[in-house]
Amino acid sequence: MQVNTIPPVDLVRQYESINKEIDNAILKVVRSGHYIGGSVVKDFEQQLSQYIGTSQCLTCNSGTDALYLALKALNIGFDDEVITTPFSFIATAETISLVGAKPVFADIERDTFNLDLENIEKTISPRTKAIIVVHLFGQPVNMTRLMEIANKHNLYVIEDCAQATGAKWEKKVVGSIGHVGCFSFFPTKNLGACGDGGAITTNDSRVAQTIRIIKEHGSMQRYHHDVVGINSRLDTIQAGILQVKLSYLDTWNEQRRKIADYYDKLLNSVSMIKLPKEIMGGYHVWNQYTVLVENKINNKKYNRDILKKGLEDQGIISMVYYPIPIHLQKVYVNLGYKEMSFPITEKVSHEVLSLPIFPGMLPQEQEQVANAIKASFNT
Ligand SMILES: Cc1ncc(COP(=O)(O)O)c(C=O)c1O
């Protein structure tokens with residue numbers, strides 16, 4: 001019997017579903033001869049700010065640049081500390097270091113994979129300037145509680161929304177609740193370009209203006225440079241593509257939610273794995289559907305890596321986000337964290353497995369994944 005291979009994400013399937021609109025958007029830019037900036041980029045910024053619910057939106061080259069620009073615009077640098085999660089993509093912490101500040105980590109919650117907000121206050125010092133929270137895998141952080149803590153200590157909040165475009169906390173779209181929201185348009189994100197891209201959202205027009213200057217070589221007027229800046233732009237072609245995709249984002253996020261619901265049903269009876277749950281008050285957009293495979297000591301039969309291999313043998317590609325927590329990465333040895341500094345993060349990093357999920361995924365493909373999981377555990 002021929003077994004279909006199931007990838008973690010199928011971007012070609014997404015493209016095929018809207019290919020005429022995407023082709024037209026690309027051709028329109030190519031034929032215009034206007035490849036950098038222009039009205040397409042401006043219109044996309046306006047549409048995204050409307051969607052997120054902020055007065056300001058600036059596009060840039062990537063989610064990494066969005067974080068860097070946000071930190072720079074908030075004047076965070078040497079001698080400052082920024083609290084964040086050790087369980088994220090490296091960019092979250094890396095950008096703190098890039099502006100010269102020190103990342104300070106706090107442990108996460110096992111149920112949501114997000115920062116445990118009750119751990120934050122213990123890590124606040126006189127040098128703390130900001131908190132970067134990540135709405136990991138599409139799950140929103142409890143922003144009400146976070147803003148309470150941040151306001152009490154007079155700290156900025158940067159929302160890393162890279163994996164959560166369209167997620168909501170108590171009906172507010174993430175990226176509109178903290179001081180600044182940072183987005184990535186990496187192709188596999190909920191709103192993904194056909195290349196790199198990023199954006200920053202804020203209601204603070206001064207922060208927006210500073211970002212505008214920094215991302216254009218520190219310049220407000222051509223060939224007049226007031227501060228040290230960088231070149232960080234969203235390509236016009238990508239803005240055209242993203243305009244089309246933004247109009248499908250809500251439909252796609254709803255599809256992701258249905259896929260997550262169906263996985264819940266299919267896998268409910270599999271006792272070896274713990275299924276992800278949506279936080280109360282949150283609207284999860286399921287960039288990843290990540291299960292935990294309990295890593296029982298001395299149980300060489302059922303662990304995450306064995307399940308991953310078992311799925312692979314049956315044509316299903318699952319992913320591990322993230323195998324090494326940020327505080328244990330070589331680059332951060334100098335921060336002085338050790339094994340067991342953050343026990344939940346470390347345990348989870350051995351247990352997480354992200355199953356295939358993408359808009360357009362078919363119920364029978366999900367059934368194939370579920371059957372393969374059950375078969376892996378029975379062998
Ligand atoms: C949580 C998080 N933050 C930041 C980034 C960086 O985004 P980019 O790849 O667009 O630079 C990513 C991208 O993978 C991410 O997942």
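Quick notes
- Selected residue (only one of Phe89, Phe113, Phe137 is within 12 Å of the ligand (Cβ to nearest atom), assigned by TED's automatic domain parsing to the domain that holds Leu191, part of a helix (DSSP H, G or I) and not hydroxyl-bearing (Ser, Thr, Tyr)): Phe137
- Looking only at region 178-190, and only at residues there that are crowded, with 23+ Cβ neighbours inside 10 Å and in a loop (DSSP other than H, G, I, E, B), the one that is farthest from the ligand (Cβ to nearest atom): Gly178
- Note on region 148-168: among residues that are within 16 Å of the ligand (Cβ to nearest atom) and assigned to a loop (DSSP other than H, G, I, E, B), the one that is farthest from Ser125 (Cα to Cα) is Gly166.
- Number of residues in region 60-72 that are of a type outside the set (Phe, Trp, Tyr), assigned to a helix (DSSP H, G or I) and within 22 Å of Gln238 (Cβ to Cβ) equals 7.
- Taking each residue of region 218-231 that is in the same structural domain as Ala73 (by TED's automatic domain parsing) and part of a loop (DSSP other than H, G, I, E, B) and looking for partners that are loosely packed, with under 10 Cβ neighbours inside 10 Å and of a type outside the set (Asp, Glu) with beta-carbon atoms closer than 7 Å, six or more apart or interchain, yields Gly218/Val228.
- Cβ-Cβ distances below 7 Å connect no pair with a first residue in region 332-345 that is closer than 29 Å to Val293 by Cβ, a second residue that is among the polar types (S, T, N, Q) and not in a helix (DSSP H, G or I), and a separation of six or more residues or different chains.
- Among the residues listed as Glu118, Glu94, the single one being in a helix (DSSP H, G or I) and more than 20 Å from the chain's Cα centre (by Cα): Glu118
- For region 92-102, filtered to residues that are within 13 Å of the ligand (Cβ to nearest atom) and within 15 Å of Lys330 (Cα to Cα), the residue that is most open to solvent (accessible area, probe 1.4 Å) is Glu94.
- Region 33-68: number of residues that are of a type in the set (Gly, Ala, Ser), open to solvent by 20 Å² or more (accessible area, probe 1.4 Å) and in contact (Cβ under 8 Å) with a residue 12 or more places away in the chain: 4
- For Ile200: the one exception among (1) open to solvent by 10 Å² or more (accessible area, probe 1.4 Å); (2) touching a residue at least 24 places away in the same chain (Cβ under 8 Å); (3) outside any loop (DSSP other than H, G, I, E, B): (1)
- Scanning region 53-70 for residues that are within 15 Å of the ligand (Cβ to nearest atom), closer than 14 Å to His179 by Cβ and in contact with a Gly (Cβ under 8 Å, 6 or more places away or on another chain) turns up just one, Ala66.
- Residue list for region 231-256, restricted to those being open to solvent by 20 Å² or more (accessible area, probe 1.4 Å) and farther than 20 Å from Lys42 by Cβ: Tyr248, Asp250, Thr251, Glu254, Gln255
The values are calculated or read from the model by the stated rules, or taken from the named source; none is laboratory data. Predicted model, so just to flag it, every value in this text is computed and none were measured. In this analysis, Cβ positions are derived from the backbone assuming ideal geometry, glycine residues included, and neighbour counts consider all displayed protein chains. These accessible areas exclude ligands, DNA and RNA; they are computed on the full protein's heavy atoms, side chains included. Shrake-Rupley method; radii C 1.70, N 1.55, O 1.52, S 1.80 Å.
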